[in-house]
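**Student:** This is the structure I have questions about; it appears just below.
The values are calculated or read from the model by the stated rules, or taken from the named source; none is laboratory data. Quick caveat: nothing in here was measured; it's all calculated off a predicted structure. Every residue, glycine as well, gets a Cβ built from its backbone with ideal geometry; the counts of neighbours run over all protein chains shown. Remember, those area values only see protein heavy atoms, side chains included, never the ligands or the DNA or RNA. Shrake-Rupley method; radii C 1.70, N 1.55, O 1.52, S 1.80 Å.
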Amino acid sequence: MHYPKELVELVKLRSQGMKLEGLNEGAGPINPKLMIVGEAPGKNEIIDNIPFNGDAGRELIKSLASIGLTRKDVYITSAVRSRPYSIKKVFSKRENKQVIKYPNRKPTKKEILAHAPFLDYEIRMVHPKLIVAVGNTGLERLLGKGKISEVHGEVIEDTPILQLNKSQDSYTWSKEHYTIFPQYHPAAIFYNRKLTDSIEKDWQVIKPYLNSSSMVKYK
Ligand code: URA
């Protein structure tokens, strides 16, 4: 999705001085079967401008296939749309000298708040009937709290989500209610292979929700 110029300018202003690189737009259809909300793009995503286009993305696409979906059926985005990086001096054996590296890192709360206008805009435009929060960052951005290890695989129905408040310096609850499905981040298995079975099972829980009509309620 191409974000409007004013929105990009607004987020740039809000993120001034933060160690964030590039912009990777969320992608997918309007009225998707589901929306994925991850953490933040990494290097691959910033180069190609395709969300979840690296190793984690390959795992995500496998999970989607297990419930009969492809990338084209879903809208994919995350709490932050630029790559959070840190600056590290390391010794390179190959070059036999100190070099500076810029590895990916988890976004801070301030960075997530700075980028909140993007996710708010996407949710407004896309009308997701089901939102799959992959990982703690996506879940916290939507519901303010929650640990994936405790709530993964549980469908949270009819809930408001967090969006920027009027003064754009904090969050408030949305009037619209959504169905949220917390799920492990697809990269979680790279650190803990034992999660593979649990992740596979959790995705199957979503299946019955895919064909119901709108899951956005207006109170
Ligand atoms: N992790 C995310 O949360 N989003 C991406 O696009 C890639 C990795």
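**Student:** Got a number for carbon plus sulfur as a percent of the chain's accessible area, 1.4 Å probe? Walk me through the numbers before you get to the answer.
**Tutor:** Details: 6180 of 11840 Å².
Percent of accessible area from carbon and sulfur atoms in the chain: 52.
**Student:** Rolling a 1.4 Å sphere over the protein heavy atoms, what is the accessible area per residue of the chain, to the nearest Å²?
**Tutor:** Solvent-accessible surface per residue comes out at 54 Å².
**Student:** Rounded to the nearest 20 Debye, what is the dipole magnitude of the chain about its Cα centre when Lys and Arg each give +1 and Asp and Glu each give -1 at the C-beta?
**Tutor:** 760
**Student:** Could you sort 143-156, 2-15 so that the peptide with the highest average Cβ count within 10 Å comes first and the rest follow in order?
**Tutor:** For the peptides 143-156, 2-15, the packing ranking is 143-156, 2-15.
**Student:** Listed here are the pairs Lys43/Lys97; Lys43/Lys72; Lys109/Lys194; which of them are more than 27 Å apart at the Cα?
**Tutor:** Lys109/Lys194
**Student:** While we're looking at this one, here's another question. Which whole-Hz couplings ³J(HN,Hα) result when phi for each residue of segment 93-107 is put into the Karplus expression 6.51 cos²θ - 1.76 cosθ + 1.60, θ = phi - 60°, listed in order with x for Gly and Pro?
**Tutor:** 5, 4, 8, 6, 7, 5, 10, 9, 10, 10, x, 5, 8, 5, x
**Student:** State the answer as a single residue: which of Gly138, Gly54, Val37 lies farthest towards the positive end of the charge dipole of the chain, with beta carbon charges of +1 for Lys and Arg and -1 for Asp and Glu, about the Cα centre.
**Tutor:** Result: Gly54.
**Student:** Sticking with this structure for a sec: Can you give the helix-only mean residue ellipticity at 222 nm for the chain, where every DSSP H stretch with n ≥ 4 adds -39500 (n - 2.57) and the sum goes over all residues, rounded to the nearest 500 deg cm²/dmol?
**Tutor:** Details: 9 runs with 72 residues, N = 219.
One gets -9000 deg cm²/dmol as the mean residue ellipticity at 222 nm.
**Student:** Also: So what J values fall out for segment 151-162 if you push phi through Karplus, 6.51 cos²θ - 1.76 cosθ + 1.60 with θ = phi - 60°, rounded to Hz, Gly and Pro as x?
**Tutor:** Result, rounded to whole Hz: 10, 4, x, 9, 7, 9, 9, 6, 10, x, 10, 7.
**Student:** Continuing with this model, one more query. Hey, can you grab everything whose amide H is under 5 Å from the amide H of Ile36? Only 5+ residues off in sequence or another chain; H modelled, so Pro and N-termini drop out.
**Tutor:** Tyr75, Ile76, Thr77, Val132
**Student:** What is the chain by shape, rounded, prolate or oblate, if you read a ≥ b ≥ c off the alpha carbon gyration tensor as root eigenvalues and call it rounded for a/c under 1.5, prolate for a/b larger than b/c, and oblate otherwise?
**Tutor:** Note, shape of the chain comes out oblate.
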